[in-house]
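Derivation of every value follows stated rules applied to the coordinates shown; laboratory data play no part. From a predicted model like this one, the values you see are computed outputs, not experimental measurements. Ideal geometry is used to build each Cβ from the backbone, glycine not excepted, and the neighbour counts take in all protein chains shown.
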Amino acid sequence: MPPTQRADPGATGPPGGGLLTVDAAAAELGVTGPHVRVLIGDGELRAIDIARRGAKRPRWRIDPDEVLRFCERRTSEPPAPRPPRPRQPAPAVKEFF
């Protein structure tokens, strides 16, 4: 599913939008939750930690627009076509007759 379409908008927060959970962001990106956590830890995907101060582990929430920006940054362009190689002239043929 392309990340521009929300899988289930009501499951991620209030109707009409809201922040995505790690699992919801993973579903939109087509990856696993642990992979999204790695992307957050590496700084490639921005997220908000909504856990209480002093909590033992973070509770990440991701803005849907950030998921789109992440996809735009990671989208590659097709390589430019190579120019044709110049042909080398055929070697001169010597006749021995």
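Numbers for the structure displayed
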{"item": "Residue list for the range 45-60, restricted to those being within 19 Å of ALA26 (Cα to Cα) and not β-branched (Val, Ile, Thr)", "result": "LEU45, ARG46, ALA47, ASP49, ARG57, PRO58, ARG59, TRP60"}
{"item": "Scan of the range 19-60 for residues that are free of Cβ contacts under 8 Å to residues at least 24 places away in the same chain and of a type in the set (Asp, Glu), ordered by number", "result": "ASP23, ASP42, ASP49"}
{"item": "Any hit, the range 54-71, residues being surrounded by 11 or more Cβ atoms within 10 Å (Cβ to Cβ), over 14 Å from the mean Cα position of the chain (by Cα), of a type outside the set (Lys, Arg) and farther than 11 Å from LEU19 by Cα", "result": "yes"}
